[in-house]
Amino acid sequence: MAGIVNKNEIYTGQVIDFTHEGHGVVKFDRYPIFVPNAIKDETIEFKVIKVKKQFAIGKLITIKEASENRVEAPCEYYNVCGGCQLQHLGYSAQLEMKKEQVVNLFKRKSNFEDTIIHNTIGMENPWQYRNKSQIPVGRNREGEIELGFYRQRSHDIVNIDHCMIQDEKHDQIMIKLKALLEQINISVYNEQKHKGELRHIILRSGYYTGETMIIFVTNSKQLSHKNKIIEYITAEFDNVVSIKHNINLEKSNVIMGNTSHTLYGEETITDKLSEYQFKISDTSFYQINPVQTEKLYRKALEYAQLDGEETVIDAYCGIGTIGSYMSQQAKHVYGVEVVEQAIENAKENAEINHIDNATWEAGKAEEVILKWQKEGIKPEVVMVDPPRKGCDQTFIETLIELSPKRIVYISCNPATQVRDVEILKRSGYQLKEITPVDMFPHTTHVETVALIEKTNN
Ligand SMILES: C[S@@+](CC[C@H](N)C(=O)[O-])C[C@H]1O[C@@H](n2cnc3c(N)ncnc32)[C@H](O)[C@@H]1O
């Protein structure tokens, strides 16, 4: 197909679709050209900047006919920061696009013709939703401190003072910490040389409690100027209940290391979801959009169709949030999670929430589920919410042997979800419904919750 377009030449075309990265797709014959920032149904002029055998990449030059869904991106950093990809697309069109991606995966690329795919559940106010900000620290050419987010597909820091999708409190903390770090002349980490001290600052806040945890991640065993930092933060911010130091000596992209110390205050912050309170440690997973999390969990609970008699497994349970929701309507909940601190949180959370029909176990889901099978635990409902890579294959095999009547599968990566559900389909399960829930407005991330039921044959 090469030869259809030439590098550096300018073309006019009609955008007919979106990629999963939110880029517009123009096709000449059947050859696709992906154009960032172009919107479906627009007529655009673009310059071809890369030509490959299967596809080309274009750069948007002019919009000849704009889509009615095009909006002015409100964030001043939008064109340089890689945090958001869809601010130029109206919010209702974003929700449609996310549903379309799920339809594409499950109906066009796979054979789930009978599955009902619902509209994406969106947010009323899709801004300032992130309760966690992972902020890389660097210095610019002039040697000034930079705090911000990475440019798309790079590790160059875009120095920012506010972010429209993060908790508003985090903006203030970023601005003040930048001034403090400049004043104490902190050593910052240089990724290429693997030298220097401060790598990241992580801010985590409880949406309903307003409590904040600040984590300093360093490439050193000590955090320099520790006392000054604590003194400054405690004087400036009433809501900061915990300051932590995390040590990450590895030359890798993983943000946090395995060792953390509490420098000030509590071990955890607390947040609330519905009537439940949850304690959250620095290394424990907690959904980043609490408003949407409640909607996601309510949908999962609806799909679970519990009547109080069921044994439920909550696999990949984090700090026990979904399991806690399920516990009120189940006989017993068994939760498994690989991060030990998260399981400690889950146990404490069960106590705080007066949940006495749940068992929490630290370990790999694929190993612990096998152990539970040997112990004779027979779940009627299994809840799974794995990381982006999806479920482990041994886990799925054991799940099939356990033969629950219902599986509720939450996924932050529908591409691996479809792979896993296909295995279940071949083993006597039917994918009944999927609901996308917009956990990450203005980004291309898609979250889904699926109801999978055992068929009678
Ligand atoms: C998407 S999170 C979901 C957590 C939880 N269900 C929630 O809603 O907060 C996935 C979780 O799986 C955990 N995890 C990753 N691999 C695992 C494994 N092999 N076995 C058990 N848990 C694992 C992660 O630590 C993380 O807490």
Please list, ordered by first then second residue, the pairs with beta carbon atoms under 8 Å, 6 or more apart or interchain, first in segment 59-81 and within 15 Å of Gly24 (Cα to Cα) and open to solvent by less than 80 Å² (accessible area, probe 1.4 Å), second charged (D, E, K, R) and not in a strand (DSSP E or B). Ile63/Glu42; Ala66/Glu42; Ser67/Lys40; Ser67/Asp41; Ser67/Glu42; Asn69/Lys40; Asn69/Asp41; Arg70/Glu42
Check on Pro441, in contact with a Lys or Arg (Cβ under 8 Å, 6 or more places away or on another chain) and open to solvent by less than 10 Å² (accessible area, probe 1.4 Å): no
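Can we say Met123 is assigned to a loop (DSSP other than H, G, I, E, B), at pLDDT 90 or above, crowded, with 19+ Cβ neighbours inside 10 Å and within 18 Å of the chain's Cα centre (by Cα)? Write out each step before concluding.
On the way: assigned to a loop (DSSP other than H, G, I, E, B): yes; at pLDDT 90 or above: yes; crowded, with 19+ Cβ neighbours inside 10 Å: no; within 18 Å of the chain's Cα centre (by Cα): yes.
Judged against the criteria, Met123 is not a match.
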Quick one: would you say Lys27 is farther than 29 Å from His155 by Cα and among the charged types (D, E, K, R)? yes
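From Ser224, Ser205, which residue is open to solvent by less than 30 Å² (accessible area, probe 1.4 Å), of a type in the set (Ser, Thr, Tyr) and closer than 25 Å to Ser281 by Cβ?
From the options Ser224, Ser205, the qualifying one is Ser205.
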Residue set Ile201, Ile186; condition assigned to a loop (DSSP other than H, G, I, E, B) and either without any contact (Cβ under 8 Å) to a residue 12 or more places away in the chain or hydrophobic (A, V, I, L, M, F, W, C) (or both); output residue Ile186
Which residue is most open to solvent (accessible area, probe 1.4 Å), if the candidates are limited to segment 82-94 and must be more than 17 Å from Thr19 (Cβ to Cβ) and not in a loop (DSSP other than H, G, I, E, B)? Ser92
Looking only at segment 161-183, count every residue that is buried (at least 18 other Cβ atoms within 10 Å of the Cβ) and modelled with pLDDT under 95 and tell me the total. 0
Does any residue of segment 399-420 turn out to be of a type in the set (D, E, K, R), part of a strand (DSSP E or B) and closer than 18 Å to Tyr325 by Cβ? yes
Members of segment 359-414 that are touching a His at 6+ places or on another chain (Cβ under 8 Å) and among the hydroxyl-bearing types (Ser, Thr, Tyr): Thr359
Assess whether Thr394 counts as being in contact with a helix residue (DSSP H, G or I) (Cβ under 6 Å, 6 or more places away or on another chain) and farther than 22 Å from Gly308 by Cβ. yes
Among what's in segment 356-382 and is among the aliphatic types (A, V, I, L, M) and in a helix (DSSP H, G or I), pick the residue that is nearest to the ligand (Cβ to nearest atom). Ala365
Out of Phe46, Phe34, which single residue is under 29 Å from the mean Cα position of the chain (by Cα) and more than 22 Å from Phe149 (Cβ to Cβ)? Phe34
In segment 383-409, residue most open to solvent (accessible area, probe 1.4 Å) [restricted to those that are closer than 19 Å to Lys299 by Cβ and within 15 Å of the ligand (Cβ to nearest atom)]: Asp385
Spot the failing condition for Leu105; the list is (1) in contact (Cβ under 8 Å) with a residue 60 or more places away in the chain; (2) over 20 Å from Met439 (Cα atoms), and only one is missed. (2)
Hey, does segment 263-274 have a residue that's within 12 Å of the ligand (Cβ to nearest atom), open to solvent by less than 50 Å² (accessible area, probe 1.4 Å) and either touching a residue at least 12 places away in the same chain (Cβ under 8 Å) or not β-branched (Val, Ile, Thr) (or both)? yes
Select, from Phe237, Phe216, the only residue that is surrounded by fewer than 18 Cβ atoms within 10 Å (Cβ to Cβ) and in contact (Cβ under 8 Å) with a residue 24 or more places away in the chain. Phe237
Whether any residue in segment 360-367 is open to solvent by 20 Å² or more (accessible area, probe 1.4 Å) and touching a residue at least 60 places away in the same chain (Cβ under 8 Å) is what I want to check. no
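Do we have Lys107 as touching an Asp or Glu at 6+ places or on another chain (Cβ under 8 Å) and at pLDDT below 95 here?
Numbers: touching an Asp or Glu at 6+ places or on another chain (Cβ under 8 Å): yes; at pLDDT below 95: yes.
Yes: the conditions hold for Lys107.
The values are calculated or read from the model by the stated rules, or taken from the named source; none is laboratory data. Everything quoted here is computed from the prediction, not taken from an experiment. Positions of Cβ are backbone-derived with ideal geometry, glycine not excepted, and every protein chain shown enters the neighbour counts. These area figures cover heavy atoms from the full protein model, side chains too; ligands, DNA and RNA do not enter into them. Shrake-Rupley method; radii C 1.70, N 1.55, O 1.52, S 1.80 Å.
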